[in-house]
1. When both residues are 6+ apart or on different chains and their Cβ atoms are under 6 Å apart, which pairs have a first residue that lies in segment 12-32 and is within 25 Å of residue 109 (Cβ to Cβ) and in a helix (DSSP H, G or I), and a second that is open to solvent by less than 30 Å² (accessible area, probe 1.4 Å) and of a type in the set (S, T, N, Q)?
2. Filter segment 154-185 down to the residues that are surrounded by fewer than 24 Cβ atoms within 10 Å (Cβ to Cβ) and either touching a Phe, Trp or Tyr at 6+ places or on another chain (Cβ under 7 Å) or not in a strand (DSSP E or B) (or both) and list them by number.
3. Kindly list the number of the only condition in (1) open to solvent by 30 Å² or more (accessible area, probe 1.4 Å); (2) aromatic (Phe, Trp, Tyr); (3) farther than 16 Å from residue 36 by Cβ that fails for residue 135.
4. Within segment 199-239, restricting attention to residues that are small (Gly, Ala, Ser) and under 21 Å from the mean Cα position of the chain (by Cα), which residue is farthest from residue 171 (Cα to Cα)?
5. Within segment 198-211, is there a residue that is exposed (fewer than 14 other Cβ atoms within 10 Å of the Cβ), on the phi < 0 side of the Ramachandran plot and at pLDDT below 95?
6. Aromatic (Phe, Trp, Tyr), under 19 Å from residue 3 (Cα atoms) and without any contact (Cβ under 8 Å) to a residue 60 or more places away in the chain - does that describe any residue in segment 177-184?
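The values are calculated or read from the model by the stated rules, or taken from the named source; none is laboratory data. Keep in mind the model is a prediction, meaning the values are calculated, not measured. Using ideal geometry, Cβ is built from the backbone for each residue, glycine included, and neighbour counts are taken over all protein chains shown. Only protein heavy atoms, including side chains, enter the accessible area calculation; ligands, DNA and RNA are left aside. Shrake-Rupley method; radii C 1.70, N 1.55, O 1.52, S 1.80 Å.
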Amino acid sequence: MRTLVLADIHSNWPALAAIREPFDQCVVLGDLVDYGTDPVPCIDWVREHADYVIRGNHDHAVAQHVLPRPGGGFRRLAGATRPWHWELLDPPRIRYLARLPVTQHCLIDGLRVFLVHATPRDCLDEYLDADPHAWAERVADLDADLICVGHTHQPYLLQAGSRQVLNPGSVGQPRDGDPRASYAVIEDGRIELRRVEYDIDATLRQMQATPVEPWVVELTAALLRSGGRLSRAEMDAFQ
């Protein structure tokens with residue numbers, strides 16, 4: 001059995017389309033939308049190909065028409081792109097996002113797997129980096145061998161007590177200094193983190209054809225080309 005594990009697509013269709021791994025089943029760990037400006041093909045691909053999908057914080061916000069709180073950095077970027085999602089997405093796609101579960105249990109190659117976007121303590125919003133001790137506390141009570149998470153846009157595979165935690169990284173907006181789309185493959189019980197190059201210019205051209213302001217495209221270009229390595233001050237300097 002070959003399982004493709006994806007997270008944090010963020011409306012970046014060229015990045016998602018560049019992942020051409022063969023697979024028997026697909027797991028998507030949330031945040032199909034926001035930040036990018038091409039949500040329709042991303043949602044449609046997931047609906048067609050994914051066997052297990054959970055809700056991310058951005059899926060929830062788009063589906064519930066939640067305006068981002070005032071602020072800078074990524075919050076400002078979400079505020080600039082989210083209204084475009086509400087123009088593009090029809091009621092069935094909005095309902096699809098709204099009805100995604102926040103957690104799921106499944107079996108993959110005999111492994112008991114728990115799927116959550118952020119952490120078991122706060123399914124949508126808690127950020128937890130690759131800290132084995134912190135993760136061991138979060139997953140201690142779970143009936144699972146493997147916990148699959150997203151949210152941080154940082155790929156890692158770590159041992160947390162008797163369990164493993166897998167974050168496949170972000171398909172559409174990596175933040176570990178590597179601009180390539182990030183994902184994972186599980187095959188015959190083996191877990192491998194993988195990367196693939198994609199056409200960042202195509203993502204930016206599509207964004208330029210939308211009503212978003214020029215600074216949104218310029219900031220997105222800097223984020224995608226640097227693999228997310230911009231400080232808050234650098235992000236807020238885009239006007």
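1. Once the first residue is within 25 Å of residue 109 (Cβ to Cβ) and in a helix (DSSP H, G or I) and sits in segment 12-32, no partner that is open to solvent by less than 30 Å² (accessible area, probe 1.4 Å) and of a type in the set (S, T, N, Q) comes close enough.
2. Matches in segment 154-185: 154, 155, 158, 160, 161, 162, 175, 176, 177, 178, 179, 180.
3. Unmet for residue 135, out of (1) open to solvent by 30 Å² or more (accessible area, probe 1.4 Å); (2) aromatic (Phe, Trp, Tyr); (3) farther than 16 Å from residue 36 by Cβ: (1).
4. Once the filter is applied, the top-ranked residue is 231.
5. no
6. Among the residues of segment 177-184, not one is aromatic (Phe, Trp, Tyr), under 19 Å from residue 3 (Cα atoms) and without any contact (Cβ under 8 Å) to a residue 60 or more places away in the chain, which makes the answer no.
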